[in-house]
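Following: one structure in structure tokens, then a few remarks.
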Amino acid sequence: MERLFGMIFGSGGNVVKETAEVFRVNAEAQATRDAGLREAALEQFAAEFAAPRRSRFDRLMDALNRLPRPAMALGTLGLFVAAMVDPAWFAARMTGIALVPEPLWWLLGAVVSFYFGARHQAKGQEFQRQLTAAMADAPRVMGQLREIEALRAAPEAAHPPDDTLVQENAALADWRATRG
């Protein structure tokens, strides 16, 4: 009896368990592997998408960089409100602006043009990169469209008979051939 148990369970190992794991995956070990895989993927995503550390100066500069457009838009709207609320005050300010020399207007135009021009160029280049990526993907999309159109032209191709869905297993075919 002892030899029989020794043969079945081996010396310290579980032969039945090890043999069963040849045919069926150990669920607990698979769950451990899956959890490790998910954890590694999450760590990779966290490292990839983590915001880089930025100094207070960098954050301050970003905040100041975002101010001119809203300030100009709100300032222009404020001028319209001021013109309606106190026309005399508004007229006095506009008279002062009329006295600004033309070279100063040119300088202001250059500063604003460079500021918005640089932003426009950066956004334009980003748009060009996105457009290039979309164009590079066009052949794949066109292939998918052709496949969809082919399915639309022949609806029976979308639902093939059941026997075409089953692929023949070469090993099973050999086994059947040897069995007669």
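Each value in this text was obtained by applying a stated rule to the coordinates, not by laboratory testing. Here the structure is a predicted model, which means the values were calculated and not measured. Glycine gets a Cβ as well: all are built from the backbone with ideal geometry, and neighbour counts include every protein chain shown.
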(Q) Could you work out the percent of alpha carbon pairs in the chain separated by over 28 Å, rounded to a whole number? (A) 73
Q. What nm value, rounded to one decimal, do you get for the distance between Glu43 and Leu64 when each label is placed 7 Å out toward the C-beta?
A. 4.1
Q) Which value does Rg/Rh take for the range 104-158 over its C-alpha atoms, Rh per Kirkwood? A) 1.52
(Q) What do you get for the angle between helix 170-179 and the principal long axis of the chain? Use alpha-carbon atoms, 0 to 90 degrees, nearest ten. (A) 10
Q. To the nearest 10 degrees, how steeply does helix 87-98 sit against the main Cα axis of the chain, on a 0 to 90 scale?
A. 90
